[in-house]
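The values are calculated or read from the model by the stated rules, or taken from the named source; none is laboratory data. These figures come from a predicted structure and were not determined experimentally. Counting neighbours? That spans all protein chains shown, and the Cβs are built from the backbone with ideal geometry, glycine included.
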Amino acid sequence: MASRLDDPIALVLLLAAGLLLVLALVGKVSALRLKRDGEAVAVRGMVVDALGHDPELLAWPLTATVRVPLWIGSPVTIRVIGEVPSKELKRAALLRVKHTAAAELSVRVRIKSRIGVAPRAAARPELRTARSG
């Protein structure tokens, strides 16, 4: 025969165990998200280095954003953003990113191009580095 105090105590213990389980789950997901964010920074660094080591692409404002999904098995998404003066340079940039991803990464990669082709960009003026005065 159970006393009247046993039922509320069991309910409180059950709720406390459930709350601990939820907190542990949130902690694991947060730790995984931090790990994935670190991986995204590393992949972005590799892509930016690859674009920076190509002398043809060095002069053009190209940047990369990387999204590493939370779940293993989903492809890493690399977006290359910028503007170049010709389709050949656009192809060269995307090919450089593709080769770098294939050589350095062991996961599936999806490359999305946001590179615009603007012929007027070929005659860019020199960037000013100091104030004239």
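For ARG44, are the conditions met, namely being within 24 Å of GLY116 (Cα to Cα) and surrounded by 14 or more Cβ atoms within 10 Å (Cβ to Cβ)?
Criteria met by ARG44.
Just name the residue that is modelled with the highest pLDDT out of those in region 60-71 that are part of a loop (DSSP other than H, G, I, E, B) and of a type in the set (A, V, I, L, M, F, W, C).
The residue in question is VAL68.
Would it be correct to say that VAL66 is under 13 Å from the mean Cα position of the chain (by Cα) and crowded, with 16+ Cβ neighbours inside 10 Å?
Yes.
Of all residues in region 1-60, how many are of a type in the set (S, T, N, Q) and more than 25 Å from TRP71 (Cβ to Cβ)?
Count: 1.
Please work out which residue is surrounded by the fewest Cβ atoms within 10 Å (Cβ to Cβ), limiting yourself to region 72-116 and to residues that are at pLDDT below 85 and in contact with a helix residue (DSSP H, G or I) (Cβ under 8 Å, 6 or more places away or on another chain).
Among them, the one singled out is GLU104.
Determine, yes or no, whether ALA122 is assigned to a helix (DSSP H, G or I) and either on the phi < 0 side of the Ramachandran plot or at pLDDT below 85 (or both).
yes
Determine, yes or no, whether LEU57 is touching a Leu at 6+ places or on another chain (Cβ under 9 Å), surrounded by 12 or more Cβ atoms within 10 Å (Cβ to Cβ) and either outside any helix (DSSP H, G or I) or small (Gly, Ala, Ser) (or both).
yes
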